[in-house]
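Asks: Handing you a structure now.
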Amino acid sequence: MSMITNEVLPSPEELKIVCPISEKLGAIKKERDAQLRDIFTGADDRFVVIVGPCSADQEDAVCEYINRLIPIQEKVKDRVMLVPRIYTNKPRTTGDGYKGMLHQPDPEKKPNLLAGIMAIRKMHLRALEESGMTAADEMLYPENQSYLDDILSYEAIGARSVENQQHRLTASSAEVPVGMKNPTSGDFSVMLNSVIAAHHSHQFIYRGLDVTTSGNDLAHVILRGGVDKYGKTMPNYHYEDLARLCEMYYKLDLKNPAAVIDANHANSGKQFKEQIRIVNEVLHSRNYNPDVKRMVKGVMIESYLEEGRQDICDNMVYGKSITDPCLGFDDTEKLIYEIAEKC
């Protein structure tokens, strides 16, 4: 049993010098961050749609996908704010499988984390440059958050990470909305405790430093469904779940109580077409109950150029997921227009 060092990786500060964000793109991020803050604090009643591939596995396909969102965003801009989902780190329950571009910039080659951190930063910058839209990514490794913190406008903490102390404390340093998913058990209290922790200031060790954070009043919950002790999925997007969450949230008296509903994962049982129905049910629940409407700020949708999923092979389909199955782009476009009509 041992651990060997493969590479000494550059610090976030060093990487940002090698691959900087321009003044123009920094200004776009500042504006987008302000818009999201207004939505999550209730000053803006637009609906957030975080949409994109389960995993960002190939730069050209991801950027083509995001560029296709540009005219859609223009049409729905008064009602909906699109946040492209560019997830570059993938949690793997057993440790097997594709772990995202951070690990493997080329899914068909061996892991290379030095090339990976460069690849994901360059991809995020390219997507922002071409589309004018800052993106969302998952905070799988808290110590890597600083590699992209000057680019991202939204971060998510996954179901397997939400109970981890370092994730919660690192989230308290972010200046953008951070969504805390419910754990795989579906327990709401675990997720809400994570939000409470992220709202407060903390002193802890981060990347070898003694740091103090300011607290993040935009930390909120993401409902993604759970599984019972037999592994059966337990959705939590139904009206009764949202009303229960609303009641629990307001008892805590937190600033900016907010929720985003993940339409895939255990909510859909990974039946990707179900995302269409689930999103429409969430919109109906919002329109039925004003408190739920104030709390539910958006949805998360897994979508790519081509629907479904594929295994890594010699003849892969361009723009088709190699992790969880996704909606195809045509269905996604129709769904976004439906959301704009009903939200």
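Asks: Percent relative contact order of the chain, based on C-alpha pairs within less than 8 angstrom and at least six residues apart?
Replies: Value for the chain: 17 percent.
Asks: Answer rounded, prolate or oblate for the chain, using the Cα gyration tensor with square roots of eigenvalues a ≥ b ≥ c: rounded when a/c is under 1.5, else prolate when a/b is larger than b/c, else oblate.
Replies: rounded
Asks: Can you check what the net charge comes to around residue 222, using other residues whose Cβ is under 15 Å from the Cβ of residue 222 (Lys, Arg +1; Asp, Glu -1)?
Replies: Computed value for this residue: -2.
Asks: Next question. For a footprinting-style exposure proxy, rank 323, 134 by other Cβ within 10 Å, fewest first.
Replies: 323, 134
Asks: If you don't mind, there's one more thing I want to ask. What is the fewest-to-most order of 114, 140 by other Cβ atoms lying within 10 Å of their Cβ?
Replies: The most exposed by this proxy come first: 114, 140.
Asks: I would also like to ask the following. Which of the pairs 29/99; 273/297; 24/110; 16/255; 30/320; 29/90 have their Cα atoms more than 29 Å apart in this structure?
Replies: Pairs exceeding 29 Å: 24/110; 16/255; 30/320.
Asks: Going by Cα centres, segment 1-71 and segment 253-314 are how many Å apart?
Replies: So the two Cα centres are separated by 20 Å.
Asks: Excluding residue 139 itself, what net charge comes from residues whose Cβ is under 13 Å from its Cβ, given Lys and Arg +1 and Asp and Glu -1?
Replies: With Lys, Arg at +1 and Asp, Glu at -1, the neighbours total -1.
Asks: Among the DSSP beta bridges whose two residues both lie in the chain, what percent are antiparallel, rounded to the nearest 5?
Replies: That works out to approximately 20 percent antiparallel.
Asks: I need 237, 230 ordered by Cβ neighbour count within 10 Å, fewest first.
Replies: 230, 237
Each reported figure results from applying straightforward, stated rules to the coordinates on display, with no laboratory input. The model shown is predicted, which means the values in this text are computed figures rather than measured ones. Heads up, the Cβs are rebuilt from the backbone with ideal geometry, glycines too, and the neighbour counts pull from every protein chain shown.
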